[in-house]
Amino acid sequence: MLRLNSYRELEHLREQLRQQRQVYKTTVMICGGTGCQASRSSSVIEAIRSELSKQGLTDSVRLCVTGCHGFCEQGPVMIIEPGNIFYCQVTPEDVFEIVFHTFVKGKVVERLLYKDMVSGKSYQMETEIPFYRAQDRQILSQNLNVDPCSVEDYIISGGYSALTKVLSGVSPEEIIKEIKSSGLRGRGGGGFPTGNKWSECREAPSAEKYVICNADEGDPGAYMDRCVLEGNPHLILEGMMIGAWAVGASKGYIYVRNEYPLAVKHSRIAVKQARELGLLGENILGSALSFDVEIARGGGAFVCGESTALMASVEGKVGEPRPKDVHTVVDGLYHKPTTLNNVETWANVPAIMLKGSSWFASKGTQGSKGTKILALTGRIKNTGLVEVAMGTPIRTVVFDIGGGAVDGKAIKAVQTGGPSGGCLPVDKFDLAIDFDILAEAGSMVGSGGMVVMDEGSCMVDVAKYFLTFLQDESCGKCVPCRLGIDRMLEIITDITEGRGRPEQIDLLEELADTISQTALCGLGKTAPNPVISTLRYFRSEYEAHINNKKCPAGVCKSLITYSIDPEKCTGCGICLRVCSRKAITGEKKEPHVIDTELCQKCGVCISECKFDAIKVA
């Protein structure tokens, strides 16, 4: 493509591309995101491409390899338009049937439609599926419209229209005012008002300023930013360009962890395409904006999600935080004023500038506007990426979208906000997804992780798991975090292994309070949240571990024993054969017995027993 030198040339190109696409009667949008790739979507894509060629349909059927569609557990997934036909769990072997029946005969392949586990009902259209129906997909829905490696797709879908609008007549001050009016708050965890951050950076006295996109998403189970960056990198670039114009920056960085190879690849392609078109570089579209972006790869340190640690990493230094006596909007990257927002925050900017702050502010609550992307995982029927309006009750996400409990076990709790978030019991599920409401309840929106736990989860063990993660990821720079988390983990370990003492609960609460008040950075200050929240809502489980030396959920190995119920055991011998420790003995068709001295409590016998004869107490 030729370099674009004006807004008019961009609009002319957009119209040309749209006219070229009119030759296609059908579009196949198949997910090429990381989740679906793990389910062989690449093989499905190649099979479709080959079959379309064999059937002579390449001139009438357009194949668009997109980013994540959200319903990850059903992958590979595809949508066929027109008709909004949703096929899931597609294999290469299904491709001939899809092409012949759907494209040639105009019929739907019933067996590939989504089928609800509870009702048994099949859904033909994506918009009808309960998982999607209850969502408000403002950002994720855009993944379906574009091939992330095609700037043409992004332009056809309206991409860079917001940039054109602001560069052709909206002053930096007006942009910041609009962002402030929208109520947009940072989606990376802190929830700081984005407009205030931009305003402070613009007012900071310096001729050299930076904007940074934080894609160092390190929370276990969280992959929202990853999928947005993989699926629509030009949307992020456009948001960063608008932010750069607003604060007066000429250089930007996308800091993405190296464990996200597809996000790194697609970001690089997008930057290269934007440069070639003149959408990055000097005097963009003939305007006064000169701005360029580099990709900086992170090494996978959780602490580099913290702003000052991230900036140190970009500078080539050890990624560890520093005191924020002076905010990074004044003293940031290379000691210059710097605006840092995460992927999802930047992704919201173009729509706000196109549709207006009032449109964005119409969604959500008084203090939390817009939509939020959540990574819904755990012990529920439907897992994947979910986007809902702020203010949506947790219950709606878990039961209406997530489909409720799996395997017949009742849902017990949800952990929100990543490892530094909190665990909320099911009687708190009517709480709204709101920055302030969840913080008051002892949890947080955070980056958007949402892990659902059922009655088979031990909340003391859950706290131990997250403390172990945080201990491993602590940079160790400040004493409260370095030693405090170690001490908390020691106490939690004692409790789960039967050495707990009643007075240790008070000590845990004291340590948690000390760390939260004195740690250097936000990650250290929130590290005690898993312990604080589980003590607040599940104290009885701690007391059972300490006073009764029992784990109510049957998880903590030191506090449980395995036994076989002679009334249920048929003597089939399956458990005997799978026990690697030879801890199970018995004659055929006679009740078997477990030697508790030899038993390692691995749980294999339970998973293999078809008669529910093995008990944990």
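Once both labels are positioned 7 Å from their Cα atoms along Cα-to-Cβ, the gap between S50 and D116 label points is 3.8 nm. Expressed to the nearest 5 percent, the antiparallel share of DSSP beta bridges inside the chain is 55 percent.
Taking the inverse of the mean reciprocal distance over all distinct Cα pairs, the Kirkwood hydrodynamic radius of segment 7-133 comes to 15.4 Å. What you get for segment 7-133, charging only the Cβ of Lys and Arg (+1) and of Asp and Glu (-1), is a dipole of about 200 debye around the Cα centre. Charge dipole (Cα centre; +1 on Lys/Arg Cβ, -1 on Asp/Glu Cβ; no other charges) of segment 561-616 amounts to roughly 180 debye. For segment 295-358, GluC sites (Glu not before Pro) meeting the loop criterion (DSSP other than H, G, I, E, B) and having at most 14 other Cβ atoms within 10 Å: E315.
Counting only alpha carbon atoms, the long axis of helix 479-496 and the longest principal axis of the chain meet at about 40°. Tell me whether segment 122-255 comes out rounded, prolate or oblate; compute the Cα gyration tensor, take square roots of the eigenvalues as a ≥ b ≥ c, and use a/c under 1.5 as the rounded threshold. Prolate. The alpha-carbon of K272 sits under 16 angstrom from the alpha-carbons of these aspartates and glutamates, leaving out residues fewer than 8 places away in its chain: D147, E152, D153, E230, E238, E282, D292, E294. Rounded to the nearest 20 debye, the dipole magnitude of the chain is 760 debye, with +1 charges on Lys and Arg beta carbons, -1 on Asp and Glu beta carbons, and the Cα centre as origin.
You can think of it this way: the chain between T91 and R499 has 141.8 nm of extra reach, that is 0.36 nm per residue less the Cα-Cα gap.
Divide the volume of the convex hull around the Cα atoms of segment 52-123 by the residue count and you get 100 Å³ per residue. Based on C-alpha pairs under 8 angstrom that are at least 6 apart in sequence, segment 525-594 has a relative contact order of 22 percent. Using C-alpha pairs below 8 Å separated by at least 6 residues, the relative contact order for segment 59-167 is 29 percent. Note on K381: lysines with a C-alpha under 19 Å away, same-chain residues under 8 apart excluded, are K115, K121, K409, K412. Each principal axis of the Cα cloud of the chain was taken in turn, and the coordinate range along them, longest first, works out to 83, 67, 40 Å.
Only lysines eight or more places from K54 in sequence, or on another chain, were considered; those with a Cα closer than 17 Å are K105.
The Cβ shell under 12 Å around V151 holds other residues with a net charge of -2, Lys and Arg each +1, Asp and Glu each -1. Relative intensity of segment 136-204 on a log10 scale, I(q)/I(0) at q = 0.12 Å⁻¹, equals -0.46, per a Debye sum over C-alpha point scatterers of equal strength in the absence of solvent. Taking each residue as 0.36 nm, the span from K25 to D407 lengthens on full extension beyond its C-alpha to C-alpha distance by 133.2 nm. Here the 3J(HN,Hα) profile of segment 156-165, calculated from phi with Karplus coefficients 6.51, -1.76 and 1.60 at θ = phi - 60°, is 4, 6, x, x, 6, 5, 5, 4, 4, 4 Hz, Gly and Pro shown as x. Helix 41-54 and the longest principal axis of the C-alpha atoms of the chain enclose an angle of approximately 50°. Under the rule a/c < 1.5 gives rounded, and otherwise a/b versus b/c splits prolate from oblate, where does segment 437-476 land using the Cα gyration tensor? Since a/c reaches 1.5 but b/c is at least a/b, the shape of segment 437-476 is classed as oblate. Working from label points 7 Å from Cα in the Cα-to-Cβ sense, the D506 to K549 distance is 2.4 nm. Dipole orientation for segment 371-457: of the candidates L431, L376, M444, L376 has the Cα lying most toward the positive pole (charges on Cβ; Lys, Arg +1; Asp, Glu -1). Can you give the Rg/Rh ratio of segment 366-467, where Rg is from the C-alpha atoms and Rh is the Kirkwood radius? Result for segment 366-467 is an Rg/Rh of 0.93. Treating each Cα of segment 460-548 as one equal point scatterer and applying the Debye formula with no solvent, the log10 of I(q)/I(0) at q = 0.19, 0.22 Å⁻¹ comes out as -0.76, -1.00. Angle of helix 261-277 to the longest C-alpha principal axis of the chain, folded into 0 to 90 degrees and rounded to 10: 10°.
All of the numbers you see were taken from the coordinates with simple rules; none came from a lab. Predicted model only: the values in this text are computed from it and were never measured. We place every Cβ from the backbone using ideal geometry, glycine too, and count neighbours over all the protein chains shown.
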